[in-house]
1. Of all the Cα-Cα pairs you can form in segment 74-135, what percent are over 19 Å apart?
2. Expressed as a whole percent, how much of the Cα-Cα distance distribution for the chain exceeds 24 Å?
3. Mind pulling the angle between the C-alpha long axis of helix 49-66 and the longest principal axis of the chain? Nearest 10 degrees, somewhere in 0 to 90.
4. Placing +1 at every Lys and Arg Cβ and -1 at every Asp and Glu Cβ, with all other atoms neutral, what dipole size does the chain have around its Cα centre, in debye to the nearest 20?
5. At a 1.4 Å probe, what is the % contribution of carbon and sulfur to the accessible area of the chain?
6. With the other protein chains left in place, how much accessible area per residue, in square angstrom, belongs to the chain at a 1.4 angstrom probe?
7. Net charge near E46: determine it from the other residues with C-beta under 13 Å of the C-beta of E46, scoring Lys and Arg +1 and Asp and Glu -1.
8. Kirkwood Rh over Cα pairs of segment 1-64 into Stokes-Einstein at 20 °C, 1.002 mPa s: D in µm²/s?
Amino acid sequence: MPITLVNPVGLPKIDAYHQVSVATGSKLVFIAGQVAWDADGVTVGEGDLATQAEQCYLNIGTALAEVGASLDNVAKLTVYVADWSPDKMPLLMEGITRAVAKLGATSAPPATLLGVAALDVPEHLVEMEATAVID
């Protein structure tokens, strides 16, 4: 695989992601921010952060598959959550965990979580974008 994930000594080990990814592939793949839309552009899980997080992650998986990649090729994941507060973390992780199980992913790339005031439309609670590397 063109991605090696590392947790350096001296940095905390976080179960949900690794601190560093080393990319050795030759092509970069940038996945636009994915919201909880199904293939028809209908919002999935309105009002349900876990379901929306799951759909976002599944959409990233779909986008990656289209270019011959998988979640194991992701070098960096960025997650934006509307009206973030730390008590939302269990729901966010529940949705991601469900999607990871469905997709059979084995990696936990570096991730950044950003709380934002709002997303594109009020019914969207979370948005995720990814950068991947393929050979």
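1. Numbers: 660 of 1891 pairs.
Pairs farther apart than 19 Å: 35 percent.
2. Numbers: 2373 of 9045 pairs.
Of all Cα-Cα pairs in the chain, 26 percent lie more than 24 Å apart.
3. Between the helix axis and the principal axis of the chain, the angle is about 50 degrees.
4. Details: 6 positive and 16 negative charges, 127 e Å.
Here the chain has a charge dipole of around 620 debye.
5. On the way: 4090 of 7140 Å².
Carbon plus sulfur share of accessible area: 57 percent.
6. On the way: 7140 Å² over 135 residues.
Using a 1.4 Å probe on heavy atoms only, each residue of the chain averages 53 Å².
7. Values: positive: none; negative: D38, D48, E123.
Value of the local net charge: -3.
8. Details: Rh = 14.2 Å.
The diffusion coefficient I find is 151 µm²/s.
The values are calculated or read from the model by the stated rules, or taken from the named source; none is laboratory data. This structure is a prediction, so every number in the text was calculated from the model and none was measured. Cβ coordinates were reconstructed from backbone atoms using ideal geometry, including for glycine residues, and neighbour counts include every protein chain displayed. For the accessible areas, the whole protein counts, side chains as well, though only heavy atoms, and no ligand, DNA or RNA atoms are used. Shrake-Rupley method; radii C 1.70, N 1.55, O 1.52, S 1.80 Å.
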